[in-house]
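Some notes on the structure that comes next.
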Amino acid sequence: MRKPEKIAGFAVEAFPHVKSTQVEWVVQFRDLPNVRATGASLPEARERLAIKWEKTAEAFKAAGLAVPKPIRPRGNKRILDTIRRLAERPWTPIF
């Protein structure tokens, strides 16, 4: 499995969009789907998304708000730690 491309720590999704007879690429952040860009080619759309993200981050800073950060995947660490703690507990057989 290939690692997703990232811009500013955000995973990027890309998909084609047919507009009349031309194919455009739509690129967006997985965690912030409202930040998206389109382009005639995939590299062009990614460049536009990077530029749009810079402008969005500047707008957040100018408004005095915190710039959004990507959601950190936690994986199964909590579940495995809980199972490990439960396994370490002393127990008595039920039968």
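The values are calculated or read from the model by the stated rules, or taken from the named source; none is laboratory data. Here the structure is a predicted model, which is why all the values come from computation and not from measurement. Please note that ligands, DNA and RNA were not included when accessible areas were found on the heavy atoms of the full protein model with its side chains. Shrake-Rupley method; radii C 1.70, N 1.55, O 1.52, S 1.80 Å.
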Notebook entry, point to check: Extension gain residue 51-residue 86, at 0.36 nm per residue separation less the Cα-Cα distance, in nm?
Noted result: 7.7 nm
Checklist line | Rounded tilt (10° steps) of 42-62 against the dominant C-alpha axis of the chain | finding: 80
Notebook entry, point to check: Do the sum for the chain: with -39,500 (n - 2.57) for every DSSP H run of n ≥ 4, divided by all residues, what is the mean residue ellipticity at 222 nm, to the nearest 500 deg cm²/dmol?
Noted result: -11500 deg cm²/dmol
Checklist line | Segment residue 65-residue 14, length gained on full extension (0.36 nm per residue, minus Cα span) | finding: 15.6 nm
Next item on the list: Could you state how much accessible area residue 13 has, in square angstrom rounded to the nearest 10, with a 1.4 Å probe and all protein chains kept in place?
Entry: 60
Next item on the list: State in Å² the accessible area per residue of the chain; use a 1.4 Å probe, count heavy atoms of protein chains only, and round to the nearest integer.
Entry: 84
Next item on the list: Give me the percent of the accessible area of the chain that comes from carbon and sulfur atoms, probe 1.4 Å, all protein chains in place.
Entry: 58
